[in-house]
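Undergrad: One structure coming up, written as structure tokens, with questions to follow.
What follows draws every value from the coordinates through simple rules; no lab data is involved. All of these numbers come straight from a predicted model, not from anything done at the bench. Please note: Cβ atoms are built from the backbone with ideal geometry, for glycine as well, and neighbour counts cover all protein chains shown.
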Amino acid sequence: MASGTNIRKPFFSGSFYPAEKKELSSILEDFFGKTKEIKNLKKIKALIVPHAGYVYSGQTAAWGYRQLSVNEKNYHYILVGPSHQSYFAGLVNSPDSLWETPLGEVNCRQIKKPDKEITINEKPHLNEHCLEVQLPFLQYINSNNKQLNISSFLTGSQVDAKKSTDYFLENYPDSFYIFSSDLSHYLPKGEARSKDKKTIEAVLKGDNRYFETEENTACGMTGILILLEMAKRQKWQGILLNYDTSATFSGDTSGVVGYAAIGFYG
């Protein structure tokens, strides 16, 4: 580790996912063993994946990550997810140069030119789970890629999707995008599945107006709106890879959280 390097330590290991390397590797192996690669699709460009505790949403997330190429060199992932603890407008980039999980450290790139829409601030990232829980999946599929690196962005309550898309496509045209989001929260299972079906259809159709008029759609809605703008400009097509609810693990159908893995292909 270089002198003066800032490291974001894992805040949710031991709660959202296992704190021990062996146990974490084992649960990831089990998740991926229950997935398969979807053939005959164009190159995948972006994912929407959930961010709950692994026992609830890890299997759904694995369906998304299963589709990614593991042979790319110097692969750079842009992570975008909602801030659950801090309140701000725009996007906030992590200043830490390394992010750590029980599987090791991952290099993290910072933006070079902060502005009103995208700033740099460590505080919102410290106790936020939505991006941290994505890293072990990336480390698992890139176990032989020593050049794995990320850039991490949290979205605030208000985000200019067009300006954010301008920034991402101009500065990271060849990077892979991961948008972290769960779907509806705490509805009865039947109602949740109906609501989530509408939300997934809106994502696949690129219907951003749906998210502006409907409630309880997705906690990562602001990031999804950026993705829909990117997909429109880049002519990406979405496909549902997996859907589930928290009831599968908990058995409680009275108030569930919905999860989906959705891939976007060029």
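Undergrad: Where does the charge balance sit around K9 when Lys and Arg score +1, Asp and Glu -1, over other residues with C-beta under 11 Å from its C-beta?
TA: Local charge sum for K9: -3.
Undergrad: All other residues with a Cβ under 13 Å from the Cβ of H84 taken together, and with Lys, Arg as +1 and Asp, Glu as -1, what is their net charge?
TA: The answer is -3.
Undergrad: Please list, by residue number, every one of the trypsin sites (Lys or Arg not before Pro) in region 127-211 that is coil in DSSP and has at most 14 other beta-carbon atoms within 10 Å.
TA: The qualifying sites are K146.
Undergrad: Let me understand the chain better: what is its radius of gyration from the alpha carbons, and its Dmax, in angstrom?
TA: According to the Cα coordinates of the chain, Rg and Dmax are 17.2, 54 Å.
Undergrad: If you take every DSSP beta bridge whose two residues both sit in the chain, what share of them, in percent to the nearest 5, is antiparallel?
TA: Around 45 percent of the beta bridges assigned by DSSP in the chain are antiparallel ones.
Undergrad: Hey, got a sec? Which GluC sites (Glu not before Pro) in region 175-266 land in a DSSP loop and have at most 10 other Cβ atoms within 10 Å?
TA: Those satisfying the criteria are E215.
Undergrad: Could you sort out which of K116/K205; K39/K189; K21/K195; K9/K162; K39/K205 sit more than 25 Å apart by Cα distance in this structure?
TA: Table pairs above 25 Å Cα-Cα are K116/K205; K39/K189; K21/K195; K9/K162.
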